[in-house]
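The values are calculated or read from the model by the stated rules, or taken from the named source; none is laboratory data. This structure is a prediction, so every number in the text was calculated from the model and none was measured. Glycine gets a Cβ as well: all are built from the backbone with ideal geometry, and neighbour counts include every protein chain shown. We work out accessible area using only protein heavy atoms, side chains counted, and drop any ligands, DNA or RNA first. Shrake-Rupley method; radii C 1.70, N 1.55, O 1.52, S 1.80 Å.
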Amino acid sequence: MPIKIFTDSGSDIPKHIQAQYGIEVIPLPVLFSDGPLPQESSIEDFYYKLKTFDKLPTTSSPNPSQFLEAYKRAEPGSDLLVICMSANVSSTYQSAIIARDMLLDEGFDGKIEVLDSKTFSGGLSLIVSTAAKWSESCTSLEELTTKLQQLIDDTRAYFTLETLENIIKGGRLNRLAGGVASVLNIKLLLRINEEGTIEVVEKTRGFRKAVNSLIAKLDEKQHDYENAAIAIVHSNNEKLALEVKERILEKHPFHEVYLSCMGPVMGTHAGEGGIGFAF
């Protein structure tokens, strides 16, 4: 039985992977002071507005009806797999769960699983892209889900930001600590921990040193390069992302690299210039 995969726009999944596997991405609304960001807006349009508007846009979770409508668009006879960003940073997962229950109440006779990825952006991109690839060889939704639960537990995600302004304003980082770091030009190496929230793991003076520390994190884990993948994400800084990709592959020849730009949801909190990866 075919497996239809859904995720949310906090995944920053590469467009070609989304198209290749028919992954449906449920958008999270992004609201600027002049109104909602249109869904058809380009990445360039979003980052231009982010720079020119004084007030940070807000993001919110999709309502359950958006998920329910998406589930119903799946090809008849398909099992459904939904992989959401961390439930500890967004209520998107809860919306997907509510919609699942609504679908089952309406008599859906297939199988549906909703997973909390305990990560977002690059981490979620890696998990969803891998799920899509595995779905072509797994014999059942149960088998795929079991493999993904292990992948979720094993995935590590790190990032560093050019500016801390947005992540502080968005409430994802302590205002006092972040403010002091900004004044002293201290850059933070951040990770998404086991609970799916952000924590500081290292402080450096200057962005370049932070990028070096970021890349060094790859040395802390053994990699099965013939099968392993890495997801690299950037916030409107493709030049840096390609440089980081080249540096990584010189030492760590991952079989696959999923490279993408953070969309409006993650870009709102990261601000321009950031870089991160998950493996």
field: Value of relative contact order over the range 1-88, rounded to a whole percent, pairs C-alpha under 8 Å and six or more apart
entry: 46
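Going down the list Lys111/Lys245; Lys217/Lys239; Lys111/Lys133, which pairs span over 26 Å between their C-alpha atoms? Provide the component values of the computation, followed by the final result.
On the way: Lys111/Lys245 38 Å; Lys217/Lys239 21 Å; Lys111/Lys133 19 Å.
Distance filter (> 26 Å) returns Lys111/Lys245.
Of all DSSP beta bridges in the range 10-147, what percent run antiparallel (nearest 5)?
Working: 4 of 9 bridges.
DSSP beta bridges in the range 10-147 are roughly 45 percent antiparallel.
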message: Name the residue from Ile43, His255, Gly107 whose Cα lies farthest towards the positive end of the charge dipole of the chain, charges +1 on Cβ of Lys and Arg and -1 on Cβ of Asp and Glu.
response: Ile43
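The range 1-105: which GluC sites (Glu not before Pro) are DSSP loop and have at most 11 other beta-carbon atoms within 10 angstrom? Each step should come with its number before you reach the end.
Numbers: sites: Glu24, Glu40, Glu44, Glu69; in loops: Glu40.
Sites meeting the loop and neighbour criteria: Glu40.
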query: For the range 1-37 and the range 213-279, what is the separation of their C-alpha centers, rounded to whole Å?
result: 20
message: Quick check: the angle from helix 43-52's long axis to the longest principal axis of the chain, C-alpha only, nearest 10 degrees?
response: 40
- request: Using a 10 angstrom cutoff on alpha carbons, build the Gaussian network for the chain and name the most mobile of Pro62, Pro36, Pro264.
  value: Pro36
- prompt: Hey, if you put +1 on the Cβ of every Lys and Arg and -1 on every Asp and Glu Cβ in the chain, which of Gly274, Ile5, Ile232 ends up farthest toward the positive end of that dipole?
  reply: Gly274
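Quote to one decimal, in nm, the extra length available between Glu165 and His252 on full extension: 0.36 nm per residue of separation minus the C-alpha distance between them. Walk me through the numbers on the way to the answer.
Details: separation 87, 0.36 × 87 = 31.32 nm, distance 3.22 nm.
Computed gain between Glu165 and His252 is 28.1 nm.
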message: Cut-off 10 angstrom, C-alpha nodes, Gaussian network model of the chain. Which of Thr59, Thr197, Thr139 fluctuates the most?
response: Thr139
message: Give me the dipole magnitude in Debye, nearest 20, for the range 1-81 about the Cα centre, with unit charges on the beta carbon: positive for Lys and Arg, negative for Asp and Glu.
response: 40
- request: Normalising by the residue count of the chain, find the relative contact order in percent from Cα pairs under 8 Å and 6+ residues apart.
  value: 22
statement: Sorted list, accessible surface of protein heavy atoms, 1.4 Å probe, largest first, for Asp153, Asp8, Asp54 is Asp54, Asp153, Asp8
query: Residue farthest toward the positive end of the dipole of the chain, with Cβ of Lys/Arg at +1 and Asp/Glu at -1: which of Gly77, Thr204, Tyr93?
result: Thr204
